[in-house]
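Below you'll find the structure, written out as structure tokens, and then a few comments.
Any read-out appearing in this document is the output of simple, stated calculations on the displayed coordinates, not a laboratory observation. Note that the structure is a prediction, hence the values are computed from the model and not measured. Cβ coordinates were reconstructed from backbone atoms using ideal geometry, including for glycine residues, and neighbour counts include every protein chain displayed.
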Amino acid sequence: MQRTCSPSGSSRINDKTFNLFFTVSIARYLEALLIKNNNGTGFFVGKDITLADIYAFHIIEIFKETYPEVLQHCPTIAQLLDRVSKFPGISEWLAVRP
């Protein structure tokens, strides 16, 4: 399956390339940010959840729909997603969303 990188469709990548790009580039960068703050056991900024965590959760959840294995080598990000999914309000929304 091909994924379109740009709205015009001029640049295409395949699933393997996309998965590699995500796990090597994006995930490693996000994990480094998490580890800088509270050794990866908290959130991106400070001690409490912020919009950065919620946005990352949303975007990574979309990636996981197409690439369920995308976080198998990214335990710090997987743990963040778990923390965010249990946050009051978010957990309730996840239970009833379409």
Practice problem: Treating only the Cβ atoms of Lys and Arg (+1) and Asp and Glu (-1) as charged, compute the dipole magnitude of the stretch 20-96 about its Cα centre; round to the nearest 20 debye. | Solution: 240
Quiz prompt | Straight-distance crosslink candidates among lysines, where the alpha carbon sits under 29 Å from K86 and sequence neighbours closer than 8 are dropped | solution = K36, K47, K64
Quiz item: Hey, fewest Cβ within 10 Å first, where do I54, I77 land in order?
Solution: I54, I77
Self-check item: For the stretch 20-96, alpha-carbon Rg and Dmax in angstrom
Solution: 12.0, 34
